[in-house]
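Below: the structure, in structure tokens.
The values are calculated or read from the model by the stated rules, or taken from the named source; none is laboratory data. Keep in mind that this is a model prediction, so the values were computed, not measured. Cβ coordinates were reconstructed from backbone atoms using ideal geometry, including for glycine residues, and neighbour counts include every protein chain displayed.
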Amino acid sequence: MSDQPRIPPQPGIMDISLYQGGAAHIAGQDNVIKLSSNENPYGASEKAREAAIRAAHQMHRYPNTDHAALREAIAEIHGLDPDRIICGAGSDEVLQFAAQCFAGPGDEIIMTEHGFSMYPILTRAAGATPVVVPERQRKVDVDAILNAVTAKTRIVFLTNPGNPTGTLLPEAGLRRLVSGLPDDVLLVHDGAYTEFIDGEFRLDFDLADTFPNLMATRTFSKIYGLGGLRIGWGYAQRSLIDVLNRVRQPFNLSVVQLAAAEAAMRDRAHVTRCQAENARWRGWLREALQNLGIDCDESHANFVLARFSDEATATACDEALKADGVIVRKVAGYGLPNCLRITIGDESSCRRVAHVVGLFMAERGLEKEDQI
């Protein structure tokens, strides 16, 4: 029997490579540390958990379709206009709204070579063509993006801080990028890891006040520890949000999602603690890896990208970590075959990673000058 669908799908659908999430299990091991999906090791705040439990008693009721209470909480914390906020099932859904509304067959969507792997999926699902531009030493190259713009370009997807690189396009670069784009090209600034930047970063919100072709997105999956609930949001000028709301399903977020997200947004003490612990152990782990001869760019996210001399060494180190019950993320699919992305866990997790990698490097006799 043929594997081809009898009902032909839309052009581009069968060109999609399925998204591969981070592994969560190791055969034969129970005491596993999962550092493959950039999850918050401290979980959701107690207030968010309590709100979810209370909301569970109302799960037989349909949720509000306008997400008003959650949008008000987001607006209050960030100093934004709630009428310019849209919520989705993870920020992925908000990105999908953008691709669905503004791109189609014959159009192009630009992304960088090490950008989030959902971008080409969303592009092809809309029938558009992904255009991948090079980065410069794992950092966004603004000139490369601007030079790739053609009459067919409709959207630029930009992860900032980058995933899986962890590098940051500074404010001056972001301002130059949006200023250089044509008015009819939408810049989607994907800020899933923004809360992990040292110091407040809100330039994308501010630029959205000036540029009607910029949308900033955020997620509750990372710093807020709500990855299992799937909640995200976007901010742009009202005219753009009005378009996106026309394709958003009215009940895309449940009563439990809405309640937990609102409580999480308002619990600033939990966010501050998670930010401080992440910054502390991110710096510690990066330095530990560098002292072992493994190069790591400065990260502005909740992970580090460990760079080995070649793919074989990265694969062998990954196997050594798995043998000790530690799961990290191989990122060959992101064009970085010699790298491992390691989520910043709690103190014991970071120390365990450094210990296992240290033993691996010592056993192989690798010296610092052998690494890149």
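Kindly indicate which of Thr194, Thr210 is of a type in the set (Val, Ile, Thr) and either buried (at least 23 other Cβ atoms within 10 Å of the Cβ) or not assigned by TED's automatic domain parsing to the domain that holds Met111 (or both).
On the way: Thr210 fails: either buried (at least 23 other Cβ atoms within 10 Å of the Cβ) or not assigned by TED's automatic domain parsing to the domain that holds Met111 (or both).
None of the others qualify; the one that does is Thr194.
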Is it fair to say Val255 is under 27 Å from Pro41 (Cα atoms), modelled with pLDDT of 95 or more, surrounded by fewer than 24 Cβ atoms within 10 Å (Cβ to Cβ) and among the β-branched types (Val, Ile, Thr)?
yes
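Hey, among the residues in segment 307-318 that are assigned to a helix (DSSP H, G or I) and surrounded by 18 or more Cβ atoms within 10 Å (Cβ to Cβ), which one's farthest from the chain's Cα centre (by Cα)?
Thr313
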Among the numbered conditions (1) within 16 Å of the chain's Cα centre (by Cα); (2) outside any strand (DSSP E or B), tell me where Ala44 comes up short.
(1)
Val326 being modelled with pLDDT of 95 or more and more than 22 Å from Glu113 (Cα to Cα):
yes
Restricting segment 280-294 to residues that are farther than 16 Å from Ser348 by Cα and in contact (Cβ under 8 Å) with a residue 40 or more places away in the chain, the one surrounded by the most Cβ atoms within 10 Å (Cβ to Cβ) turns out to be Ile294
Scanning segment 171-214 residue by residue, those of a type in the set (Lys, Arg) and over 22 Å from the mean Cα position of the chain (by Cα) turn out to be Arg176
Single match in Leu321, Leu336 (criterion: closer than 22 Å to His114 by Cα, outside the structural domain of Leu226 (by TED's automatic domain parsing) and crowded, with 19+ Cβ neighbours inside 10 Å):
Leu336
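Can you tell which of Asp83, Asp92 is surrounded by fewer than 18 Cβ atoms within 10 Å (Cβ to Cβ) and more than 22 Å from Pro8 (Cβ to Cβ)? Full working, then the answer.
On the way: Asp92 fails: surrounded by fewer than 18 Cβ atoms within 10 Å (Cβ to Cβ).
After applying the criteria, what remains is Asp83.
For Val304, are the conditions met, namely being outside any helix (DSSP H, G or I) and either assigned by TED's automatic domain parsing to the domain that holds His78 or surrounded by 24 or more Cβ atoms within 10 Å (Cβ to Cβ) (or both)? Quick ask: steps written out before the conclusion?
On the way: outside any helix (DSSP H, G or I): yes; either assigned by TED's automatic domain parsing to the domain that holds His78 or surrounded by 24 or more Cβ atoms within 10 Å (Cβ to Cβ) (or both): yes.
Yes: the conditions hold for Val304.
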All positions within segment 48-61 that are in contact with a helix residue (DSSP H, G or I) (Cβ under 8 Å, 6 or more places away or on another chain) and either surrounded by fewer than 17 Cβ atoms within 10 Å (Cβ to Cβ) or part of a loop (DSSP other than H, G, I, E, B) (or both)
Arg49, Glu50, Arg54, Ala56, Gln58, Met59, Arg61
Any residue at all in segment 146-158 that's of a type in the set (Lys, Arg), out of contact with any strand residue (DSSP E or B) (no Cβ under 7 Å at 6 or more places or on another chain), assigned by TED's automatic domain parsing to the domain that holds Asp242 and on the phi < 0 side of the Ramachandran plot?
no
Tell me which residues, restricted to segment 332-372, are at negative phi, within 27 Å of the chain's Cα centre (by Cα), in a loop (DSSP other than H, G, I, E, B) and modelled with pLDDT under 95.
Ile372
